[in-house]
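The values are calculated or read from the model by the stated rules, or taken from the named source; none is laboratory data. Everything numeric in this text was worked out from a predicted model, so none of it was measured. Counting neighbours? That spans all protein chains shown, and the Cβs are built from the backbone with ideal geometry, glycine included. In case anyone asks, the SASA skips ligands and DNA or RNA and just uses the protein heavy atoms, side chains included. Shrake-Rupley method; radii C 1.70, N 1.55, O 1.52, S 1.80 Å.
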Amino acid sequence: PSSKVWNFTNADTLVNFAASNGLRVKGHAIAWHQQLPSFINASMNRGKLNSALTHHINETVPHFDSDMFAWDVVNEAIADDGGGLRSSVLSDLMGEEFITHAFNHARAKARGAELYYNDYNLAGGIGLAPLRPVLLWALARRSEYGNVALLYGARTPSDLLYGEELDS
């Protein structure tokens, strides 16, 4: 998409197929370093990036309001070595704030959907310490929004995915 033109044709086709065949759909992924709209880029300052991420969420999530049972809100934000945030346009300009920003705005637009932080690396032993911003956000808002889950596992469909619900 561009900031003014959105084309959901391919995604709508998949969602319609799922609905007509009794399948549930989970949106993947709202904020991911590998798949951002072209209008979200490193030429922005922090304020413009904040606004662009909000715009992306406000356009995408409501379009699929009743179609998605869940969203991977943030995907693979932690560096592969577990040493902090992965370098990306989002983390480089907004730091940890992009994670809570994405979750807050996704929740505002997808009130009934399950929200996930998704990361293949969590199963590889980096542990939960690098997820401090996600954990704090989820625990602080548990009573307001319900639980937020972590989804982690390998990248191939044949591998098992593991998840855990955050408890206070």
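Checking Ser87 against (1) open to solvent by less than 50 Å² (accessible area, probe 1.4 Å); (2) more than 14 Å from the chain's Cα centre (by Cα), which test does it fail?
(1)
Kindly indicate whether Asp81 is farther than 15 Å from Asp119 by Cα and either of a type in the set (Asp, Glu) or in contact with a Pro (Cβ under 6 Å, 6 or more places away or on another chain) (or both).
It is false that Asp81 is farther than 15 Å from Asp119 by Cα and either of a type in the set (Asp, Glu) or in contact with a Pro (Cβ under 6 Å, 6 or more places away or on another chain) (or both).
Could you check segment 1-117 for helices (runs of 4 or more DSSP H) lying wholly inside it with 1 or more residues that are modelled with pLDDT under 90?
Fully inside segment 1-117 and qualifying: 97-109.
Among the residues of segment 40-58, write down those that are closer than 21 Å to Thr9 by Cα and surrounded by fewer than 16 Cβ atoms within 10 Å (Cβ to Cβ).
Once the filter is applied, which keeps residues that are closer than 21 Å to Thr9 by Cα and surrounded by fewer than 16 Cβ atoms within 10 Å (Cβ to Cβ), segment 40-58 yields only Asn58.
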